[in-house]
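The block underneath contains the structure these notes are about, expressed in structure tokens.
Each value in this text was obtained by applying a stated rule to the coordinates, not by laboratory testing. Small disclaimer: the values here were computed from a predicted structure and weren't measured. Neighbour counts are summed over all protein chains in view; Cβ atoms, including those assigned to glycine, are modelled from backbone coordinates with ideal geometry.
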Amino acid sequence: MMPLQLTGTELAADLRQLMLARPLFSGRVHSVFDRSVNVLTGQDELVTVTVAPKGVMPTGFSVNLDHTGPLGLSPGSELVFERLSVRLPGGRRISLKEARVRPVFVERDQFRNFSPDPAVLDDLKAILLAADSPGIAPLAAWIPGEEDLPRNPGNHYCAFIARDLRNFTHALVRGEEEGLSALSARLIGFGPGLTPSLDDFLSAVALVLFARDRGEAFLKNLGALARNRTTLVSCHMLKNAAAGKAQGLYRRLLGSLTEKDPELVRQAAQEVLGYG
């Protein structure tokens, strides 16, 4: 039987700030998975509860459990956020007062005047291809691509979206910010999974643009474009990325590109692929 009070292990810095600024608010469980629970608040924020060692997400916290079952949560369950604690159904409580606060924002300073090593980028493409993903990874060997599309773009997802993806990446490389929003509307929500493949791709693009202080118009519109075009979880992922927020593994991969250490990049990339 789960004790009446649990202690949170990690707390995202943005959620801590929110809980201190708004001492009392509630949310209802949107979806439950083996290692995470998504909670939607009345203010349309998505709070993600994870179990160790999955790691804390933006606007989230983690608890030291093997899986989410002992929390006793199901879609529709109400959680009440009170200062630095969370009240669960049945009077149980999770204290976040001693939780380790984790940063969620990409640090822009390390990316000023940054230019990635082409050899390292080739390594990343090879890693993606070797992963044999059912999504758009087969297109990684072509991005940003030449004018002609590859003869064999990969699986049926790739074949369907290759032309739109080419147009988007060309506009991105040319710095055509006004066209990015219109082109991204054709990509959002496409692909398999709770966070569709193209949403993962666009989140990565958004993080890089934020880190390099570019694409302001595109980043400003991305969250609004995602609404009603993709899953709730993916929509919030895109909004977070546009604001420069991401889970630690993704920020570590991005930061590794500035370290001039190919092995560090490869290790970070494998960790991200293992995480999902």
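Remarks
- For the stretch 5-102, a/c is less than 1.5, where a ≥ b ≥ c are the root eigenvalues of the C-alpha gyration tensor. That puts it in the rounded class.
- Tilt relative to the chain, helix 156-174 - C-alpha long axis, 0 to 90 degrees, to 10: 80
- Packing-based exposure ordering (other Cβ within 10 Å, fewest first) of Val51, Val56, Val101: Val101, Val51, Val56
- By the count of other C-beta atoms within 10 Å, a proxy for reagent exposure, Phe190, Phe168 are ordered fewest to most as Phe190, Phe168.
- All Cα pairs of the chain, percent lying beyond 31 Å: 30
- Length gained when the stretch Ser115-Ala159 is fully extended (0.36 nm per residue, less Cα-Cα span): 12.8 nm
- The string of couplings for the stretch 256-267 from the Karplus curve (6.51, -1.76, 1.60, θ = phi - 60°) is 5, 5, 8, 8, 6, 10, x, 5, 5, 5, 4, 5 Hz, one whole number per residue in order, with x for Gly and Pro.
- When each of Lys97/Lys220; Lys125/Lys245; Lys239/Lys260; Lys125/Lys220; Lys54/Lys260; Lys220/Lys260 is checked by Cα-Cα distance, pairs over 26 Å: Lys97/Lys220; Lys239/Lys260; Lys125/Lys220; Lys54/Lys260; Lys220/Lys260
- Fewest-first ranking of Cys158, Cys235, using other Cβ atoms within 10 Å as the exposure measure: Cys158, Cys235
- Ordering Ser62, Gly175, Leu207 by the projection of their Cα atoms onto the charge dipole of the chain, which places +1 on the Cβ of Lys and Arg and -1 on the Cβ of Asp and Glu, puts Ser62 at the extreme positive end.
- Helix-derived mean residue ellipticity, 222 nm - over the chain, DSSP H n ≥ 4, -39500 (n - 2.57), to 500: -12500 deg cm²/dmol
- Placing a pseudo-label 7 Å from each Cα along the Cα-to-Cβ vector at Arg212 and Asn228 gives an inter-label distance of 3.3 nm.
- Helix 118-130 vs. the chain, principal-axis angle (Cα, 0 to 90°, nearest 10): 70
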